[in-house]
Amino acid sequence: MANISRYEPFADVFDDLLKGFFVRPVAYEGQPAATGRIKVDVSEKDNAYVVHAEIPGVKKDDIQVNIDGDQVSISAEARAEKEVKENARVLHRERYYGKVARAFRLGAEIDQAASSAKFVDGVLELTLPKKAEAAGRQLTIQ
């Protein structure tokens, strides 16, 4: 599937012009908001789906994955660490703290019991085996 994006010739110029003038990042049409979003890559094998989700700055204990049939939902919470230094003040902050979530459907039901997850260097890897489809059965007529 091809990604379609809008051509904005002045987007980079606008970013460079305003960089550093505001305490909060500015979001305008075509630019994602400052809130985080989980970016995912989904690939399919013969008997399983493999999902790689980028969730930087989150501890593995703060990530939840729910599977319901063919729907997968990932949620996480990035917690702000309050580090108070003497004679220091925050001038600019762009990192997102709070909850992020992502949900999507896959083409087949997932076997929850055989699913596995790994979280290494800010990337969550889910291995989601497909449920075996019940073979058709011919009925005997009596």
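The numbers here are math on the coordinates, done by the rules we state, and not lab data. Note that this is a predicted model, so its numbers are computed, not measured. For neighbour counting, all protein chains shown are included, and Cβ atoms are generated from backbone atoms with ideal geometry for every residue, glycine included.
Odds and ends about this structure:
- Any hit, the range 102-110, residues being out of contact with any Gly (no Cβ under 9 Å at 6 or more places or on another chain), of a type outside the set (Phe, Trp, Tyr) and more than 22 Å from residue 47 (Cβ to Cβ): yes
- Filtered residues of the range 79-91 (kept if surrounded by 10 or more Cβ atoms within 10 Å (Cβ to Cβ) and either in contact with a helix residue (DSSP H, G or I) (Cβ under 9 Å, 6 or more places away or on another chain) or in contact (Cβ under 8 Å) with a residue 60 or more places away in the chain (or both)): 79
- Residue within the range 55-67 that is loosely packed, with under 14 Cβ neighbours inside 10 Å and in a strand (DSSP E or B) present: yes
- Hits in the range 61-97 - residues which are under 30 Å from residue 130 (Cα atoms) and of a type in the set (Asp, Glu): 61, 62, 68, 70, 77
- Taken as a whole, the structure places residue 99 among residues that are in a strand (DSSP E or B), loosely packed, with under 14 Cβ neighbours inside 10 Å and of a type in the set (D, E, K, R).
- Selection count, the range 109-126, where residues are in contact (Cβ under 8 Å) with a residue 40 or more places away in the chain and either not in a loop (DSSP other than H, G, I, E, B) or not polar (S, T, N, Q) (or both): 10
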